[in-house]
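What follows is one structure encoded as structure tokens, with my remarks underneath.
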Amino acid sequence: MTTPSDDGTRTAVDDRPVVLADDTTRAWSPRTARARFREGLAIPTAGVAAGYAQANLVSVPADWAYDMLLFCQRNPRACPLLDVTDAGSTSTVLASDADLRTDLPRYRVWEDGELVDEPTDVRAYWRDDLVSFLIGCSFTFEWALAAAGVPLRHVEQGRNVPMYRTTWQCRPAGRLSGPMVVSMRPVPPEHLDAAIRESGLMPAVHGAPVHCGDPSALGVDDLDRPDFGDRVEPEPDDIPVFWACGVTPQAAVMASRPPFALTHAPGRMFVGDARDEQFRVL
């Protein structure tokens, strides 16, 4: 359960685990996952349709599209582009039968940088001038981490991955600017090299961590209070490991206040048809 805060994020009001993927949802095909989301299922997508790549979504009016494109190109660790649509298009090359207005578990609607709604369907908000950007997601490399023996605490605990706004500023682009957002996974020391190596082989979905260890180096004061997602309980020797996150454009929307934008809700991604390993550098 969450409540809105002054800056447009959602703040947890209790600490109950969210419902994440189970054996059934992990076995879904991407098409089945999208169909269930179209029906209104709003779960986080970590582990859903296991083996298939996921993507962040941000849609902005065409007169802001060049700024967003430039922002992504200038900040590729946080915003690795997988697809950019034509204005008004509701489809993507990442899945030929998908509808970007209905096929994510939950969306966010922004007006002048303020969060105004979190629906499961944005057809009522859709505009013919919207250009959509699909950005690589770190959920895509979690299969490689798991295969290398790296534990995924948020999956083990049935929680959404925690995400934090940092004090590291992205390179501005036109009217867009804002801080980098990072996702955090606690990693045991003996698995740190594998986590860095395996994610580093997948630069199209954020690649290697941007920081390991002391969160204060990122300007993060309290790991128990993520700006997005859920608090995750580390084991005593775990090292916090931080990856650039595709929620960064949402932080830019909050900071730069375009008149309108649609995004995915953090942790509730677009599930495409490409296999995870297609994004792995040989």
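The values are calculated or read from the model by the stated rules, or taken from the named source; none is laboratory data. What you see is a predicted model; the values in this text were computed from it and never measured. Cβ sites come from the backbone with ideal geometry, for glycine too, and all protein chains shown count toward neighbours. Heavy atoms of the whole protein, side chains included, go into the accessibility calculation; ligands, DNA and RNA do not. Shrake-Rupley method; radii C 1.70, N 1.55, O 1.52, S 1.80 Å.
Among residues belonging to the stretch 142-165 that are part of a loop (DSSP other than H, G, I, E, B) and among the β-branched types (Val, Ile, Thr), point out the one that is nearest to PRO105 (Cα to Cα).
VAL161
Which one is least open to solvent (accessible area, probe 1.4 Å), of the residues in the stretch 57-100 that are of a type in the set (Phe, Trp, Tyr) and more than 19 Å from the chain's Cα centre (by Cα)?
Ranking the qualifying residues of the stretch 57-100, first place goes to TRP64.
Can you find, within the stretch 223-273, the residue that is farthest from ALA195 (Cα to Cα) among those that are of a type in the set (Gly, Ala, Ser) and touching a Gly at 6+ places or on another chain (Cβ under 7 Å)?
SER256
Within the stretch 23-126, considering only strands (runs of 3 or more DSSP E) that don't extend past its boundaries, which have at least 2 residues that are touching a residue at least 60 places away in the same chain (Cβ under 8 Å)?
Result: 52-61, 107-111, 114-117.
When the stretch 203-219 is examined, which residues are found to be closer than 22 Å to GLU190 by Cβ and in contact with a strand residue (DSSP E or B) (Cβ under 7 Å, 6 or more places away or on another chain)?
Correct list: PRO209, VAL210, HIS211, CYS212, GLY213, PRO215.
Open to solvent by 10 Å² or more (accessible area, probe 1.4 Å), touching a His at 6+ places or on another chain (Cβ under 9 Å) and under 27 Å from PHE260 (Cβ atoms): which single residue out of ARG171, ARG106, ARG123, ARG127 fits that description?
ARG106
Just to verify a result, which residue in the stretch 180-215, among those that are touching a residue at least 60 places away in the same chain (Cβ under 8 Å) and open to solvent by 20 Å² or more (accessible area, probe 1.4 Å), is nearest to GLY136 (Cα to Cα)?
Once the filter is applied, the top-ranked residue is ALA204.
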